[in-house]
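Data first, discussion second: the structure below is written as structure tokens.
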Amino acid sequence: MIEKLVVKTREEIKIMTDPYRIEIINIMKNHCSPMTVKEIAEKMGEPHGKVYYHIKKLEKIDAIVLHHTRNIKGITAKYYEINFKELSISPSYSDDSNVNQALNMIASYYDASKRDFLNFYKKLLVEANRKDLSPEEESALKKKDDPYKTATLQNLVLYFTEEEFNSFNEDLKALLEKYDNEDSTKPYKKELFVSLYSKD
């Protein structure tokens, strides 16, 4: 897996900013393990052939790679995985059309994160207002500091010197790398969506 996928050409930007392909990437990211085209198609409720076409497009620019194959009843199943941790669009190759595509892609990621957060929070509220809880469920609901029930939303304004900002970036990178793993045996899976930008 590469640290940063840099898309530069018009074709690469078009491939990575397609909403359908962004949905494929989000599904694969949330699955936390390699997937077949069939598995992705079932998650999306889409035809196998259509998903396969878009997988090959993503594979062409190394956004997705073949992880391994497995023989299942005489048929070779191909398992794909995401091949990047960060995505960057090179400004030097961005005309007005590519800029709009890039903005649409960013909006899609924000929308997906917003949807997932609200769905999870709604689930917590519904669970808290159930009237038919068993004693075990009621006890679990009252448990404080349960990692599963934690949903954090913060909006902060931070001020730095250049040295402090560089240090903050290094600290943040180190913290994320510490917990960035695909160990699905761990009991808690949390989503993190971070935006750091200058408003002025």
Handout entry: All positions within the range 134-179 that are open to solvent by less than 80 Å² (accessible area, probe 1.4 Å), at pLDDT below 85, of a type outside the set (Gly, Ala, Ser) and outside any helix (DSSP H, G or I)
Key = Asp146, Thr150
Exercise for the section: Tell me which residues, restricted to the range 104-117, are open to solvent by 70 Å² or more (accessible area, probe 1.4 Å) and either at pLDDT below 80 or farther than 24 Å from Leu87 by Cβ (or both). Expected result: Asn104
Exercise for the section: Consider only pairs whose beta carbons are under 7 Å apart and that are at least six residues apart or on different chains; among these, list those whose first residue lies in the range 181-199 and is in contact (Cβ under 8 Å) with a residue 40 or more places away in the chain and whose second residue is assigned to a loop (DSSP other than H, G, I, E, B) and surrounded by 10 or more Cβ atoms within 10 Å (Cβ to Cβ). Expected result: Glu182/Cys32; Glu182/Ser33; Ser184/Cys32; Ser184/Ser33
Handout entry: Pairs, first within 14 Å of Thr69 (Cα to Cα) in the range 27-46, second open to solvent by 60 Å² or more (accessible area, probe 1.4 Å) and hydroxyl-bearing (Ser, Thr, Tyr), C-beta under 8 Å, six or more apart
Key = Ser33/Ser184; Val37/Tyr52
Practice task
Scan the range 160-182 and give yes if some residue there is of a type in the set (Phe, Trp, Tyr) and over 24 Å from the mean Cα position of the chain (by Cα), otherwise no.
Solution key: yes
Practice task
For residues that are touching a helix residue (DSSP H, G or I) at 6+ places or on another chain (Cβ under 8 Å), modelled with pLDDT under 85 and not in a helix (DSSP H, G or I), scanning just the range 4-36, find the one that is most open to solvent (accessible area, probe 1.4 Å).
Solution key: Lys8
Practice task
Output the residue which, of all residues in the range 88-103 that are out of contact with any helix residue (DSSP H, G or I) (no Cβ under 7 Å at 6 or more places or on another chain) and of a type outside the set (Gly, Ala, Ser), is modelled with the highest pLDDT.
Solution key: Leu103
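The values are calculated or read from the model by the stated rules, or taken from the named source; none is laboratory data. Keep in mind it's a predicted model, so treat the numbers as computed, not measured. No Cβ is skipped: glycine too gets one built from the backbone with ideal geometry, and neighbour counts run over all protein chains shown. Note: areas computed on protein heavy atoms with side chains; ligands, DNA, RNA excluded. Shrake-Rupley method; radii C 1.70, N 1.55, O 1.52, S 1.80 Å.
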